[in-house]
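Report on one structure; see the data block that follows.
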There are 2 protein chains.
Amino acid sequence: MPYPQIPAFSGAPGVIRLAGHRGARGVLPENTLEGFKFALTAGVKLLELDVTATADGVVVITHNHRLTRSMVRDAAGNWLQGPEPKVSALTWAELQQYDAGGLDGSTAYGQRFPDQAFLSGVRIPRLADLLALLQQPAHQDVHLFLEIKSDPDLLADTAARQSLVQSVVDAVRTAGMEPRTVLHSFDWDLLADCQRIAPEMPASFLTQLPENDSEVGEDSSKEVNPVAGCAALDLPSRVADARGQFWCPYFEDITPESLALARDLGLLTMVWTVNEPEDIERMISLGVDAICTDYPGRVQRLLLQNGLHWLPAAER
Amino acid sequence: MPYPQIPAFSGAPGVIRLAGHRGARGVLPENTLEGFKFALTAGVKLLELDVTATADGVVVITHNHRLTRSMVRDAAGNWLQGPEPKVSALTWAELQQYDAGGLDGSTAYGQRFPDQAFLSGVRIPRLADLLALLQQPAHQDVHLFLEIKSDPDLLADTAARQSLVQSVVDAVRTAGMEPRTVLHSFDWDLLADCQRIAPEMPASFLTQLPENDSEVGEDSSKEVNPVAGCAALDLPSRVADARGQFWCPYFEDITPESLALARDLGLLTMVWTVNEPEDIERMISLGVDAICTDYPGRVQRLLLQNGLHWLPAAER
């Protein structure tokens, strides 16, 4: 396999990789430079993040398609009132008015992350801002799961979808970060575009079986997730058929059998988003390649207690 | 009261101050620059830290008098074996051999902080390193609870004790940080030296009733804590008699009555180390001036949910 980025994502005897979900969502606000910098400080070498584009074509790091009341304040510092604006309907300059530095603890989403620090004056960053950070000499060993969020309102708009992929790929190429990036999505059609437009980057296929969906307060991925009706054991073959390099199942969906099949098919397996100690322990026992978590310190601790590490000795 | 630093530590209607205990021990290794920087990123404006001195007189930031097996690795990256070396017996150069970047999860102390990130290559910092960080323009509003640890082996050595105080005060004065520093100790005799040597800095009296001591895996402060035998309600008067400006009780020791008495006596009250949500809620209900915690994000969330903030509006 010709991809230079693959080894940095691969498990090995004694090694399960650690990916920081949206930075370190349990500790600092998601998809912010502050969160990514914390993850880097904590020795996390794989960062997971979400991107979409503004009305004026700037690729920005944010998860939901709309600025969400539970996690965004207006210019006056108040939680959003009225209709939640769509990121793709705002210019980059307009987006800078909003504060993404904390969660509203009265919401279901906020209550999922009771220890997250509350900052003010935090802006939704550009993808280019994070890539610039990672070009610094100290961060040359950091790799990305770069998740492209496809807009459910534009699923039929082929030109708009391809334009988004092209904008993301352009930003990665401008920063010379292709050898450290994996393109990641729930939208398998979008991943086919990625494979065609950017064949130098591996494609990472996210899956979540509908019966296990429990991510309260977030945009659903079900509109674009083609695995409804699949048996758990079918998932790896579906990814292999789509010429994927990574299979990234929701952690409740994976079984020893499906992991073994993925391995037989030559896929790397990263599970998300694993936060509870007993779930982390189960993923360690299974022996996945990588664990994506909101709590990097917690996963580090449990890996060490199991005699494992998130980096091979030569990379520590 | 002439002390310019007092307002930054004072509660007010709608405001309970937040102090980051040893940085943010729940998140990153204690008393490290990495931990202090995280606390600053999280908007924490009061930092609590512990200092002692090396054999060659360098004031360093560390809690225990001995390098402790549960949190220090040797130059080869192994947890300390054999006798734990005393910090005051090592030179600064020797101390640089040790790694203070993580906890051993198999120890009782390590198990108290299961989410703490595990770093490598982290050195015990000098007090001067932290003071230099806080002199940066972005951090001019950050104030310190600077705890001086008195060596239980040297309680009778007046010259050594005064020399430690003088070294700490010299470091603070060299950095021009006196107007942002409070000198803090369990050792009330040492605080008397502080008041004489550095009258420009308020004195902060730590107390812990013996019956409530439950800080597993840490150096005890009981040798120097003069409140054994006191009733809880006697503590504020004892601090006032010693001409203290701050009373800092262990959170389990404080009562509405003792807090009211402290207030009547003109004392500010900071409680430590408050980590569990129900304990944080009780301290919020009491209305202390400041809460010292290993989990700043958790305290921020609970303050906000109670309609409070850790900073007055003008300081946000």
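The C-beta contact set for the range B:110-123 (first residue in contact (Cβ under 8 Å) with a residue 24 or more places away in the chain and at the interface with chain A (Cβ under 9 Å from one of its Cβ atoms), second residue among the hydroxyl-bearing types (Ser, Thr, Tyr) and assigned to a loop (DSSP other than H, G, I, E, B), distance under 9 angstrom, 6+ apart or interchain) comprises B:Gly110/B:Ser70; B:Asp115/A:Tyr295; B:Asp115/B:Tyr295; B:Leu119/B:Thr32. The residue that is surrounded by the fewest Cβ atoms within 10 Å (Cβ to Cβ), counting only those in the range A:128-154 that are in contact with an Asp or Glu (Cβ under 7 Å, 6 or more places away or on another chain) and not hydroxyl-bearing (Ser, Thr, Tyr), is A:Asp141.
For every residue, the table says whether it meets (1) part of a helix (DSSP H, G or I); (2) out of contact with any Ser or Thr (no Cβ under 6 Å at 6 or more places or on another chain).
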residue	(1), (2)
A:Ala156	no, yes
A:Ala159	yes, yes
A:Ser163	yes, yes
A:Arg173	yes, yes
A:Val182	no, no
A:Phe205	no, yes
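Does any residue of the range B:248-264 turn out to be away from chain A (no Cβ under 14 Å), part of a loop (DSSP other than H, G, I, E, B), surrounded by fewer than 22 Cβ atoms within 10 Å (Cβ to Cβ) and over 21 Å from the mean Cα position of the chain (by Cα)? Yes, there is a match, as at least one residue in the range B:248-264 is away from chain A (no Cβ under 14 Å), part of a loop (DSSP other than H, G, I, E, B), surrounded by fewer than 22 Cβ atoms within 10 Å (Cβ to Cβ) and over 21 Å from the mean Cα position of the chain (by Cα).
All conditions but one from (1) more than 13 Å from B:Ala19 (Cβ to Cβ); (2) within 14 Å of chain A (Cβ to nearest Cβ) apply to B:Leu267; the one that does not is (2). Of the numbered criteria (1) of a type in the set (Asp, Glu); (2) part of a loop (DSSP other than H, G, I, E, B); (3) touching a strand residue (DSSP E or B) at 6+ places or on another chain (Cβ under 6 Å), the one B:Asp50 fails is (2). Within the range B:57-69, not a single residue is within 14 Å of chain A (Cβ to nearest Cβ) and closer than 30 Å to B:Val172 by Cα. Restricting the range B:287-298 to residues that are within 10 Å of chain A (Cβ to nearest Cβ) and surrounded by 24 or more Cβ atoms within 10 Å (Cβ to Cβ) leaves a set whose member that is farthest from B:Ala24 (Cα to Cα) is B:Gly297.
Under the condition of being farther than 20 Å from A:Arg301 by Cβ and either away from chain A (no Cβ under 14 Å) or in contact (Cβ under 8 Å) with a residue 40 or more places away in the chain (or both), the residues counted in the range B:71-109 number 20.
If we scan the range A:274-286, do we find a residue that is touching a residue at least 40 places away in the same chain (Cβ under 8 Å), crowded, with 22+ Cβ neighbours inside 10 Å and away from chain B (no Cβ under 14 Å)? Within the range A:274-286, one or more residues are touching a residue at least 40 places away in the same chain (Cβ under 8 Å), crowded, with 22+ Cβ neighbours inside 10 Å and away from chain B (no Cβ under 14 Å). Scanning the range A:220-243 turns up one or more residues that are part of a loop (DSSP other than H, G, I, E, B) and at pLDDT 90 or above. The listed residues are B:Ala132, B:Ala156, B:Ala128, and the only one of them that is modelled with pLDDT under 95 and of a type in the set (A, V, I, L, M) turns out to be B:Ala156. A:Glu281 meets each of the listed conditions (1) assigned to a helix (DSSP H, G or I); (2) under 18 Å from the mean Cα position of the chain (by Cα) apart from (2).
Screening the range A:299-314 for residues that are in contact with a helix residue (DSSP H, G or I) (Cβ under 8 Å, 6 or more places away or on another chain) and in contact (Cβ under 8 Å) with a residue 40 or more places away in the chain and picking the one that is farthest from the other protein chains (Cβ to nearest Cβ) gives A:Leu308. Among the candidates B:Ala39, B:Ala12, the residue that is surrounded by fewer than 22 Cβ atoms within 10 Å (Cβ to Cβ) and under 30 Å from B:Ile284 (Cα atoms) is uniquely B:Ala12. In summary, A:Glu200 fulfils each of the numbered conditions (1) assigned to a loop (DSSP other than H, G, I, E, B); (2) closer than 20 Å to A:Arg17 by Cα; (3) not hydroxyl-bearing (Ser, Thr, Tyr) with the single exception of condition (2). A search for C-beta distances below 7 Å between a residue of the range A:31-43 that is more than 10 Å from chain B (Cβ to nearest Cβ) and closer than 16 Å to A:His63 by Cα and any residue that is in a loop (DSSP other than H, G, I, E, B) and of a type in the set (S, T, N, Q), counting only pairs 6+ apart in sequence or on different chains, returns A:Asn31/A:Thr62.
The values are calculated or read from the model by the stated rules, or taken from the named source; none is laboratory data. Because the structure is predicted, anything quoted here is derived from the model rather than measured. So basically every Cβ, Gly included, is an ideal-geometry build from the backbone, and we count neighbours across all protein chains shown.
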